[in-house]
Structures are given as structure tokens and as C-alpha cells.
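Heads up: the structure comes next, in C-alpha cells.
The values are calculated or read from the model by the stated rules, or taken from the named source; none is laboratory data. Model, not experiment: these values are computed from the prediction. A quick note on method: Cβ atoms are made from the backbone with ideal geometry, for glycine too, and the neighbour counts reach across all protein chains shown.
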Amino acid sequence: MDQSQTLRWTEIMPAADLAPGSMIGLEIGTRSIAIYHLEDGSFHATDNVCTHAFAHLSDGWLEGDVVECPLHGGCFDVRSGKGVCEPISKDLEVFPVEIRDGKLCVLLENE
């Protein structure tokens, strides 16, 4: 099966509803996704669950392009999903984001 059959763009919310420097956690189907609006105007999406221990990253802190987990203080680069400090040993999954007609859309697997 080719990628176009397994992935779809999912409309999330109006882009204007998420202020620069903020993030939000959303349940989309069976996935928990974190959406980030960085101060530079870019939008990014990752898994919302920390890879170290179960905690929602959207309950943590966003500083620049790094999100800090509220449970043990592990940090991830939201642009790449890379863990940037202990206790993180596994990176986050990241998802492409586009703005279509003023709405944030994330490329996710079909469910």
C-alpha cells in the first residue's frame, strides 16, 4: 500500500486559535497529539505522551522550540522530536503540519 492510502490530512482547529509561544494537547482518533505554535510563527506536531514515562507534554512547559515534560523534566525539540536531556532515551514521533484555508491540518495515519 502506498503512503497516500495510509496517511490523511486531518483538520485540527483554526490556526488563529493557538497563540504564538503556546501549545495544546488534543485527542485525534486514538492518538494524543501536541500542537505547538512557536514564536517564529511556525507550527509543529508531536506525540503528546512523553517517551520516558506517561505524562502529557502539553501539561508541561514550552520554551522556544523545546517542550519540558511535567513529570521528570525531560525535554524534546518540538521541530524534530529529538530528546535533548536526561532522562529521555527515545525521541518523539513528529507529524507534518500545514495551514489550509486558515485551519491547522496534521498528516496522520488512517484509523
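General observations
- Unmet criterion (only one of (1) in contact with a strand residue (DSSP E or B) (Cβ under 6 Å, 6 or more places away or on another chain); (2) in contact (Cβ under 8 Å) with a residue 12 or more places away in the chain; (3) surrounded by 18 or more Cβ atoms within 10 Å (Cβ to Cβ)) for Glu68: (2)
- Among the residues making up region 82-101, those that are surrounded by fewer than 19 Cβ atoms within 10 Å (Cβ to Cβ), free of Cβ contacts under 8 Å to residues at least 60 places away in the same chain and either touching a Leu at 6+ places or on another chain (Cβ under 9 Å) or charged (D, E, K, R) (or both) are Lys82, Glu86, Lys90, Asp91, Glu93, Pro96, Asp101.
- Residue list for region 1-54, restricted to those being part of a strand (DSSP E or B) and small (Gly, Ala, Ser): Ser22, Gly25, Ser32, Ala34, Ala45
- Those residues of region 69-90 which are modelled with pLDDT of 95 or more and of a type in the set (Asp, Glu), in sequence order: Asp77
- In region 48-65, residue farthest from Ala16 (Cα to Cα) [restricted to those that are of a type outside the set (Ser, Thr, Tyr) and crowded, with 19+ Cβ neighbours inside 10 Å]: Cys50
- All positions within region 1-41 that are among the hydroxyl-bearing types (Ser, Thr, Tyr) and free of Cβ contacts under 8 Å to residues at least 12 places away in the same chain: Ser4
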